[in-house]
Amino acid sequence: MEKNIIGIDQKDMQSLAQELNVLLANFQTYYQSLRGLHWNIKGKNFFELHLKFEELYTDAQEKVDMIAERILTLQATPLHTFNEYTNLAKVPVANHISNDEKAVGLIVTSLSELLKIERSILNLSDEANDEGTNAMMSDFISEQEKTLWMMNAWLG
């Protein structure tokens, strides 16, 4: 088995990079949806949700960078076009959503989809002895599970 410079089997690295690119596409779509929710939210929960959505999109933007840099660390190329993102995205797109419950519901659905992708990558990275990707996925999962719980609590 041929290993790359960080000691990961070349075949495993390619599979991991491919799945991380799927995650990257989904995070970019999620990020853009959060921006739209932040801009378009209306109603009595405006101030609370406007700030929360900004917090979430700032976090998503940081994660996008972390994912892309991990792909580069694995000696692969991160996707970077909207066309590639659209083709791979499984998270829903927020299209002119201004209602608070619809907005939070979209976030719940998006986080659930991201968690599925991250758990799949976690399994791959564990099998490949890729502790860097494994640790990143573990951190993402624990943060997003908490956010998902809070969003569901807000929905009642």
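The values are calculated or read from the model by the stated rules, or taken from the named source; none is laboratory data. All values reported here derive from a predicted model rather than from experimental measurement. We place every Cβ from the backbone using ideal geometry, glycine too, and count neighbours over all the protein chains shown.
The residue that is farthest from Asp130 (Cα to Cα), among those in the stretch 5-23 that are part of a helix (DSSP H, G or I) and either among the basic types (Lys, Arg) or out of contact with any helix residue (DSSP H, G or I) (no Cβ under 7 Å at 6 or more places or on another chain) (or both), is Gln18.
A single member of Ile107, Ile41 is surrounded by 17 or more Cβ atoms within 10 Å (Cβ to Cβ) and within 14 Å of the chain's Cα centre (by Cα), and it is Ile107. Among the residues of the stretch 116-128 satisfying the criterion of being among the polar types (S, T, N, Q) and either free of Cβ contacts under 8 Å to residues at least 12 places away in the same chain or in contact with a Ser or Thr (Cβ under 9 Å, 6 or more places away or on another chain) (or both), which is surrounded by the most Cβ atoms within 10 Å (Cβ to Cβ)? My answer is Ser125.
Filter the stretch 60-105 for residues that are among the charged types (D, E, K, R) and without any contact (Cβ under 8 Å) to a residue 12 or more places away in the chain; which is farthest from Gln28 (Cα to Cα)?
Just the residues of the stretch 60-105 that are among the charged types (D, E, K, R), to begin with: 62-63, 65, 69-70, 84, 90, 100-102.
Among the residues that remain, those that are also without any contact (Cβ under 8 Å) to a residue 12 or more places away in the chain are: 62, 65, 69, 102.
Working: Glu62: 11, Asp65: 10, Glu69: 14, Lys102: 20 Å.
In this case the residue turns out to be Lys102.
Annotation: Lys102 fulfils all but one of (1) of a type in the set (D, E, K, R); (2) assigned to a helix (DSSP H, G or I); (3) closer than 29 Å to Ser138 by Cβ; the unmet one is (3). Count of the stretch 44-58 residues, restricted to those that are in contact (Cβ under 8 Å) with a residue 24 or more places away in the chain and under 19 Å from the mean Cα position of the chain (by Cα), is 3. Would the stretch 97-109 turn up any residue that is closer than 19 Å to Val22 by Cα and either touching a Cys at 6+ places or on another chain (Cβ under 7 Å) or not aliphatic (A, V, I, L, M) (or both)? Yes, the stretch 97-109 contains a residue that is closer than 19 Å to Val22 by Cα and either touching a Cys at 6+ places or on another chain (Cβ under 7 Å) or not aliphatic (A, V, I, L, M) (or both).
For Glu55, the criteria (1) under 18 Å from Thr147 (Cβ atoms); (2) in a helix (DSSP H, G or I); (3) touching a helix residue (DSSP H, G or I) at 6+ places or on another chain (Cβ under 9 Å) hold in every case but one, which is (3). Just one of the numbered conditions (1) over 14 Å from the mean Cα position of the chain (by Cα); (2) assigned to a loop (DSSP other than H, G, I, E, B); (3) at pLDDT 95 or above; (4) not acidic (Asp, Glu) is not true of Val93: (1). The residues in the stretch 114-133 that are within 17 Å of the chain's Cα centre (by Cα) and outside any helix (DSSP H, G or I) can be counted, and the count is 0.
Considering the stretch 129-156, the residues that are crowded, with 19+ Cβ neighbours inside 10 Å and hydrophobic (A, V, I, L, M, F, W, C) include one that is nearest to Glu19 (Cα to Cα), namely Met137.
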